[in-house]
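Below: the structure, in structure tokens.
Bear in mind these aren't lab numbers, they're just calculated from the coordinates by the rules spelled out. Values in this document were obtained by computation on a predicted structure and should not be read as measured data. Here the Cβ positions follow ideal geometry from the backbone for every residue, glycine too, while neighbour counts run over all protein chains shown.
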Ligand SMILES: [Zn+2]
């Protein structure tokens, strides 16, 4: 009750929130160009007053930044706790330095196929537009139905993949066996054919056709949920304000890092690149066919992979999945005297990351 009183003191009552809402949205959009806010009222409402059912919002700066991030989004939701017993659904992505970027939000009165369809329709038309995306989520029936039924989210415009951690936890609930749980992760996360077990194709990274950029779980949207936990108790205006303030905080924090970045890749990618570069020093290679190289580990000659230089693929799978040269590819670049940074995906370039702030 105390919490409700203090929220009402700052943001007005839950009822007045709805009355003032159009004015609030106009002001929000005026000060943040390209911000999208859409709402849907209950159909067949007998009263003269339209009753709110869903509301979708995405801030202009987040939409711009999203265009420069990799094409993988994570969707998840949490229950609201205040007077409004709905659900807050969020879409997030990762930037080149593995930071969360908020893409869009929706508050819905119930977690259903209809609400997911409405949300994904707004997301496609007002944020993602014609961009090809991979959607990673848990196996919630609402989102599965929505993606299956919406033309805008059909392949090749969108690919739906499940979060491996959720699959592993469902697997554990059913089989209650720790070695099977471990095997589930090993199979799901392998990029190597020799580790693949045929009847588990559905959630194996190896047969993912490189859609999910090596990302296996929705952990990122769950950390987002933790950050938004406070929003669940709030009135709708306070909830939008909170997501806006979180966005401003994240932009401030990450823009400082991006502006002061004096290495060729964002720090987390640069760290990975340097690691693989060190490993490349321990590889020997022999040329096979034209532009195909067999790359062997100096100390374990039975460990080897094949790099197809012009196709930008390696049999270890990492080059094509993560879009960053693996240690085997780096040893070929070294051998040829080419600069591996010249073909790094735009998404990972420091300059591209800095440009969205
Ligand atoms: Zn490789």
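Spin-label point model (7 Å from Cα, Cβ direction): what's the residue 284 to residue 271 distance in nm?
Result for the modelled spin labels: 3.4 nm.
When the distances between all Cα atoms of region 307-348 are binned every 5 Å from zero, what whole-number percent does each bin get?
5, 26, 39, 22, 8, 0
Can you give the extra length, in nm with one decimal, that the chain gains between residue 177 and residue 111 once fully stretched, where that is 0.36 nm per residue apart less the Cα-Cα distance? Walk me through the numbers on the way to the answer.
Values: separation 66, 0.36 × 66 = 23.76 nm, distance 3.14 nm.
So the extension gain works out to 20.6 nm.
Using 7 Å Cα-to-Cβ label points, what is the residue 255/residue 81 separation (nm, one decimal)?
A separation of 3.2 nm, rounded to one decimal place.
Show me 66-72, 25-31 ranked by packing, highest mean number of other Cβ atoms within 10 Å first. Don't jump to the answer; show the numbers that get you there.
Details: 66-72: 19.0, 25-31: 13.1.
Ranked from most to least packed, the peptides come out as 66-72, 25-31.
Return the whole-Å distance between the Cα centroid of region 119-156 and the Cα centroid of region 232-276.
Between the Cα centres of region 119-156 and region 232-276 lies a distance of 25 Å.
Obtain the nm distance between the two label points defined at residue 310 and residue 154 by a simple spin-label model: each point lies 7 Å from its Cα along the Cα-to-C-beta direction.
Roughly 3.5 nm, to one decimal.
Given a Förster distance of 51 Å, report the FRET efficiency between residue 32 and residue 336 from their Cβ-Cβ distance, rounded to the nearest 0.05. Spell out each step's value before the answer.
Values: r = 48 Å, r/R0 = 0.94.
Efficiency, rounded to the nearest 0.05: 0.60.
Using Cα pairs under 8 angstrom and six or more residues apart, how large is the relative contact order of region 267-354, in percent? List each step's numbers first, then the result.
Details: 113 pairs, mean separation 20.2, N = 88.
It comes to 23 percent, rounded to a whole number.
Starting from the Cα-Cα distance between residue 139 and residue 67, subtract it from 0.36 nm times their residue separation and give me the gain in nm to one decimal. Intermediate values should be presented prior to the final figure.
On the way: separation 72, 0.36 × 72 = 25.92 nm, distance 2.64 nm.
Using 0.36 nm per residue and subtracting the Cα-Cα distance, I get 23.3 nm.
Quick check: from the Cα gyration tensor, does region 267-354 come out rounded (a/c under 1.5), prolate or oblate? Present the calculation step by step, with values, prior to reporting the outcome.
Working: a/c = 2.10, a/b = 1.63, b/c = 1.29.
Note, shape of region 267-354 comes out prolate.
Could you rank the peptides 147-159, 264-276 by their average count of other C-beta atoms within 10 Å per residue, with the highest value first?
Working: 147-159: 15.0, 264-276: 17.2.
With the highest mean Cβ count within 10 Å placed first, the list reads 264-276, 147-159.
What does the highest-first list of 99-106, 241-248 look like by mean Cβ count within 10 Å? Numbers along the way, then the final one.
Working: 99-106: 22.9, 241-248: 16.4.
Packing proxy ranking, top to bottom: 99-106, 241-248.
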